[in-house]
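**Student:** Below are the structure tokens for one structure; questions will follow.
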Amino acid sequence: MNRYDPTGSCDQTRALLLDMAEGSLDGAEAEAVRVHVADCPSCAADLRALSASWAALPDAKPASPSAEVRRRVLGRASAPVGSAPAGRPEAAAWSVRHWVGAAAVVMLATASAVGVSQLTRGPGAPGVSQGDLTAPGGRTQLALGDPIPSFAARDVFTGEPVSLDELRGDVVILNVWATWCLPCESEMPSMERLYRDLGPRGLRIVALSIDRESTHMVRRWVEERGLTFTVLHDSDGAFERAFAGSGVPETYVFDRAGALVQHVVGPRRWDEPASASHLSGLLQSDG
Amino acid sequence: MSAEPATSAALTGADDEVLMARFAAGEVVAFETLYDRYESSVFGFCLRFLGDRDSAEDALQETMIAVVERAGLYRDRGRFRGWLFTIARNACLDRTRRRAQRHALRTTAPTRDAAAVRHDPEATLLARDEIARVLAQLTADQREVLLLHRYEGFSYAEIAGITGSTEAAVKQKAYRALLQLRASRPDSNQARVPR
């Protein structure tokens, strides 16, 4: 189709100059452009500049990332951490979470690489069998009313171990996340706003990264987003081995007495009125 | 589509849509084939967009993991490559925005890691990679258009889909980008700089 009107303006010609410069214009359109630029110094100058720039663009050489990236990505594809890719068969099974009660002590079989990750579940509600407590894979399911676990991992900035049960007395939001998780990233800003608003009143936000990357990488990720709440790193999967989860992000809210009062699967806008109001109420309570 | 498990070599010739379908059904080797098919081009795009190897590797990783995470939601039949580069482009833009924010913060407050400020990997790459050096003169949206069109072979219409723009707007960016490059050459005395 001939898009060019030989009696048309410079604007019409310029719509074709790019294709002309790239060598992708031919036939009547190319001829029409040639006729126009022969009598139009401005369009002729543009065509010369476009052609010269296009021709001067350097050729691309193959670029290769480090093998570590491939290893990480394929590791994620073959062994989804807590959250299988949506639509895959195991996804549905992972989302079932109806275990209740609490009465067990689960010690991690493997200490973390930094030697501080461990989990202990305190004495819980009576009348619940061990079978009710154990999720597929022998992992434990946190249920409402359960005490905050004594799981410990290192702070990505200070390097110091932080045990969750030491935070009893504050309202604690435990957010399990990963840097590769886009929904996790999407909820972080609202979590930061909430923390800045309610932190002075005793709200503790602890974001537990389950990345298999270096702590340095996690710290850099956090820095880039200007997050100021506590970020821990569980690089060897101790938390996942101990707790059944339905994926990331997954968030647990503990009251001042250290009891689990809310469990959130998936991202949330944490500073929206209903959520902030609920947490504000917890802060006013003695637990 | 065969339901039989396949090896990576056996899937080498399969098209992107078949591989995505097989991965969504649980065949990890199908994703491995896709990864190997696109690793270099996505990384090259990110590298030249961001001008820094560490950030480009992060963006590549984020892109590929997003593909893993969204495999079951993939619905853009027939345009996997465009979908992939849409994710990669967003990952790069996100990093560009964060870099700008960090740059602003550095002028007003110390960072937590002073070493990161002293080290400038971007300058290192720009000195080494000719494409990155040339395109560094452009704005991010001009740069992405040239990278996607010239080096990844997307049409302007396809780029409009990737960037959420119109074909006319994309061509306008390419037009201005090429004029800008010409105007910035030392031997240029004719080209005009677009407004």
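**Student:** In units of 2.2 N^0.38 Å, what is the alpha-carbon radius of gyration of segment A:150-287?
**Tutor:** 0.97
**Student:** What are the residues whose amide H is under 5 Å from the amide H of residue A:211, where those residues sit 5 or more places off or on another chain and H is modelled from the backbone?
**Tutor:** A:179, A:234
**Student:** For segment A:15-80, with the dipole built from +1 on Lys and Arg beta-carbon atoms and -1 on Asp and Glu ones, taken about the Cα centre, which of A:16, A:35, A:77 lies farthest toward the positive end?
**Tutor:** Highest projection toward the positive end goes to A:77.
**Student:** Here's another thing I want to ask about it. Suppose R0 equals 45 Å. What FRET efficiency, 1/(1 + (r/R0)^6) with r the Cβ-Cβ distance, do residue A:24 and residue A:78 give to the nearest 0.05?
**Tutor:** Between residue A:24 and residue A:78 the formula returns 0.60.
**Student:** Would you mind checking segment B:150-164 for residues with the amide N under 14 Å from a putative spin-label position 7 Å along Cα→C-beta of residue B:79?
**Tutor:** B:154-164
**Student:** What does the structure give for A:213-225 when I average, per residue, the other chain Cβ atoms found within 10 Å of the residue Cβ?
**Tutor:** Whole-number average of other-chain Cβ neighbours for A:213-225 is 3.
**Student:** When only Cα pairs under 8 Å and 6 or more residues apart are kept, what is the percent relative contact order across segment A:141-241?
**Tutor:** Contact order relative to length: 31 percent.
**Student:** Extending each Cα 7 Å along its Cβ direction at residue A:201 and residue B:36, get the distance between those two points in nm, one decimal.
**Tutor:** Taking the simple label geometry, residue A:201 and residue B:36 are separated by 5.7 nm.
**Student:** For segment A:225-230, in order, what is each residue's ³J(HN,Hα) by Karplus, 6.51 cos²θ - 1.76 cosθ + 1.60 with θ = phi - 60°, in whole Hz (x at glycine and Pro)?
**Tutor:** For segment A:225-230, the Karplus-derived couplings read 9, x, 7, 10, 7, 6 Hz, x marking Gly and Pro.
**Student:** Between residue A:272 and residue A:216, what length comes free when the chain is fully extended (0.36 nm per residue of separation minus the Cα-Cα distance, one decimal in nm)?
**Tutor:** 17.0 nm
**Student:** Principal axes first, then extents: for the Cα atoms of segment A:136-221, list largest minus smallest coordinate on each axis, whole Å, largest first.
**Tutor:** 38, 33, 27
**Student:** With label points built 7 Å along Cα→Cβ from the Cα atoms of residue A:284 and residue A:150, find their separation and express it in nm.
**Tutor:** 3.5 nm
**Student:** Rank these for me by crowding, B:49, A:243, going from fewest to most other beta carbons within 10 Å.
**Tutor:** With the fewest neighbours first, B:49, A:243 line up as A:243, B:49.
**Student:** Mind giving me the nanometre distance, one decimal, between the label points for residue B:100 and residue A:11, set 7 Å out from Cα along Cα→Cβ?
**Tutor:** With each label placed 7 Å out from Cα toward Cβ, I get 2.9 nm.
**Student:** Given the C-alpha atoms of segment A:147-189, compute the convex hull and give its volume per residue in Å³.
**Tutor:** Roughly 106 Å³ of hull volume per residue.
**Student:** So, one more: Along segment A:255-267, what does the Karplus equation 6.51 cos²θ - 1.76 cosθ + 1.60 (θ = phi - 60°) give for ³J(HN,Hα), rounded to whole Hz, x for Gly and Pro?
**Tutor:** With coefficients 6.51, -1.76 and 1.60, one gets 7, 5, 7, x, 9, 5, 10, 7, 10, 10, 9, x, x Hz.
**Student:** Another question, if that's okay. Taking every residue in B:172-181, how many Cβ atoms of other protein chains lie within 10 Å of its Cβ, on average?
**Tutor:** Mean shielding by partner chains, rounded to a whole number: 5.
**Student:** Per-residue counts of other Cβ atoms within 10 Å, averaged by peptide: what ranking do you get for B:39-45, A:11-17, highest first?
**Tutor:** Final packing ranking: B:39-45, A:11-17.
Every number in this text was worked out from the coordinates using simple rules, so none of it is lab data. Since the structure is predicted, the reported quantities are computational estimates derived from the model, not experimental observations. Positions of Cβ are generated from backbone atoms using ideal geometry, with glycine treated the same way; all protein chains shown enter the neighbour counts.
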